[in-house]
Amino acid sequence: MDTQQLHILAIGRNAEIMTVMQRLLNTPENWKGLAVTTDEAALAAFDKEAFDIVLLCAGVTPDEEVALTSHFRQHSPGIIVKRHFGGGSGLLKNEILYALEHR
Amino acid sequence: MANTILHKADTRGHADHGWLDSHHTFSFANYYNPERMQFGALRVLNDDVVAGGRGFDSHPHDNMEIISIPLEGALEHKDNLGNTVVTEAGEIQVMSTGTGVFHSEYNAYPDKTARFLQIWLFPNQLNVTPRYDQAKINIADRKNTLQQLISPDKNGEGTWLYQDAWFHMGRFDKGFSTAYTAKKQGNGVYFFVISGSFTVNGQELNARDGYGITDPGQLNITALTENAELLVIDIPLFS
């Protein structure tokens with residue numbers, strides 16, 4: 001994994017919002033992001049690439065959150081898995097900086 | 001742990017984009033202060049000034065309760081739920097963004113400044129069906145009283161949202177005093193001075209200062225100036 005870059009995986013069910021997330025996650029020079037709408041796509045990406053942070057976005061249910069969090073942490077101890085709130089740029093940078101400081 | 005937190009106006013984050021001048025009580029966008037992340041479920045309190053004819057292009061939100069309170073001028077709101085409405089000072093706008101909504105907010109006038117408070121709360125339910133609501137508030141009715149703007153009650157005064165939160169505003173004569181008690185056990189209370197000066201339990205507050213109390217009993221409020229205006233946010237401390 002490129003230690004200079006932060007690799008972020010975002011999972012949400014709203015396709016239009018995830019299109020925006022895909023752009024937002026790849027805007028900062030030191031971020032590399034992938035935004036997907038299905039758990040299958042997320043798990044396939046997770047198998048191929050090492051992520052530092054997983055963001056669970058709108059539409060992911062609490063049961064799905066538990067299952068996804070368990071899977072990611074089992075296979076990648078130390079990974080940050082957290083809910084993303086707001087759906088856009090307002091809180092995104094803050095959420096990530098705070099999560100990194102408090103991991 | 002201290003049971004109060006004071007956010008003086010001049011310690012807020014600030015972003016000047018030309019068309020938008022915004023002060024952030026809590027961390028937002030490029031303003032990051034890990035000591036200023038939220039007050040319970042209150043996550044964003046932005047004090048925005050939008051130039052005439054300008055505004056926020058269409059952008060998404062989800063899983064947040066977003067409240068706009070115009071203080072001066074008017075905002076034109078459009079969203080993908082089919083709403084196109086103008087919200088003026090004296091009205092209040094609430095969006096429950098849930099599974100996702102796109103909206104734009106523009107200053108409704110080409111030649112007048114619009115000033116408004118943009119407030120985001122963490123919701124008490126995830127993934128709700130998005131909704132938009134606005135309510136007309138009679139500003140005269142907040143003279144020397146705390147007028148309810150928002151509650152969790154769909155049939156309550158003002159409008160409602162998906163959180164056990166209550167919003168009140170009051171405009172007080174100099175020397176007028178009143179008391180406030182949190183509506184729900186476990187809630188904290190956050191005061192934001194819109195104009196003038198107050199004391200809250202002896203703490204002096206001036207325009208745009210914020211003051212949070214995490215173990216509120218009876219809160220005693222006194223206006224120190226004429227027509228002093230205060231916003232009171234009664235909010236769960238844990239979200």
> Assuming residue A:59 fulfils every condition listed in (1) on the phi < 0 side of the Ramachandran plot; (2) in contact (Cβ under 8 Å) with a residue 24 or more places away in the chain apart from one, which condition is it?
Replying inline: (1)
>> Quick test of your reading of the structure: residue B:71 fulfils all but one of (1) crowded, with 20+ Cβ neighbours inside 10 Å; (2) more than 13 Å from chain A (Cβ to nearest Cβ). Name the failing condition by number.
In response: (1)
>> Looking only at segment B:111-140, count every residue that is outside any strand (DSSP E or B) and within 14 Å of chain A (Cβ to nearest Cβ) and tell me the total.
In response: 9
> Of the residues A:64, A:101, which single one is within 14 Å of chain B (Cβ to nearest Cβ), surrounded by fewer than 15 Cβ atoms within 10 Å (Cβ to Cβ), among the acidic types (Asp, Glu) and touching an Asp or Glu at 6+ places or on another chain (Cβ under 9 Å)?
Replying inline: A:64
> Yes or no: residue A:93 within 12 Å of chain B (Cβ to nearest Cβ) and under 13 Å from the mean Cα position of the chain (by Cα)?
Replying inline: yes
> Regarding residue B:62, is this residue under 19 Å from residue B:134 (Cα atoms), in contact with a helix residue (DSSP H, G or I) (Cβ under 8 Å, 6 or more places away or on another chain) and within 14 Å of chain A (Cβ to nearest Cβ)?
Replying inline: yes
>> When the residues of segment A:67-90 are narrowed to those that are surrounded by 13 or more Cβ atoms within 10 Å (Cβ to Cβ) and among the polar types (S, T, N, Q), which ends up nearest to the chain's Cα centre (by Cα)?
In response: A:69
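For (1) at pLDDT below 95; (2) surrounded by 16 or more Cβ atoms within 10 Å (Cβ to Cβ); (3) aliphatic (A, V, I, L, M), each residue gets a yes or a no:
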site: A:16; (1), (2), (3): no, no, no
site: A:23; (1), (2), (3): no, no, no
site: A:44; (1), (2), (3): no, no, yes
site: A:60; (1), (2), (3): no, yes, yes
> Of all the residues that make up segment B:40-87, how many are touching a Pro at 6+ places or on another chain (Cβ under 6 Å) and farther than 28 Å from residue B:164 by Cβ?
Replying inline: 2
>> Residue under question is residue B:63, and the condition is that it be buried (at least 20 other Cβ atoms within 10 Å of the Cβ) and in contact with a Cys (Cβ under 9 Å, 6 or more places away or on another chain); does it hold?
In response: yes
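Between B:189, B:200, B:128, which is crowded, with 21+ Cβ neighbours inside 10 Å, among the hydrophobic types (A, V, I, L, M, F, W, C) and touching a residue at least 24 places away in the same chain (Cβ under 8 Å)?
On inspection, the qualifying residue turns out to be B:189.
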>> Looking at B:219, B:149, B:224, can you tell me which residue is among the aliphatic types (A, V, I, L, M) and within 22 Å of residue B:87 (Cβ to Cβ)?
In response: B:149
> Taking segment A:3-40 as the region of interest, how many residues are without any contact (Cβ under 8 Å) to a residue 60 or more places away in the chain, more than 14 Å from chain B (Cβ to nearest Cβ) and closer than 21 Å to residue B:126 by Cβ?
Replying inline: 4
> Would a scan of segment B:36-46 turn up a residue that is in contact with a Ser or Thr (Cβ under 9 Å, 6 or more places away or on another chain), within 14 Å of chain A (Cβ to nearest Cβ), of a type in the set (S, T, N, Q) and not in a loop (DSSP other than H, G, I, E, B)?
Replying inline: yes
> Taking residue B:138, is it free of Cβ contacts under 8 Å to residues at least 60 places away in the same chain, crowded, with 21+ Cβ neighbours inside 10 Å and closer than 24 Å to residue B:76 by Cα?
Replying inline: no
> So which of B:112, B:78, B:8 is out of contact with any helix residue (DSSP H, G or I) (no Cβ under 9 Å at 6 or more places or on another chain), surrounded by fewer than 17 Cβ atoms within 10 Å (Cβ to Cβ), touching a residue at least 12 places away in the same chain (Cβ under 8 Å) and within 30 Å of residue A:102 (Cβ to Cβ)?
Replying inline: B:8
>> For a quick check of your reading: which strands (runs of 3 or more DSSP E) sit entirely within segment B:141-224 and have at least 1 residues that are touching an Asp or Glu at 6+ places or on another chain (Cβ under 6 Å) and under 21 Å from residue B:24 (Cβ atoms)?
In response: B:187-195
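The values are calculated or read from the model by the stated rules, or taken from the named source; none is laboratory data. Note that this is a predicted model, so its numbers are computed, not measured. Methodologically, a virtual Cβ is constructed for each residue, glycine included, from the backbone with ideal geometry; neighbour enumeration extends over all protein chains shown.
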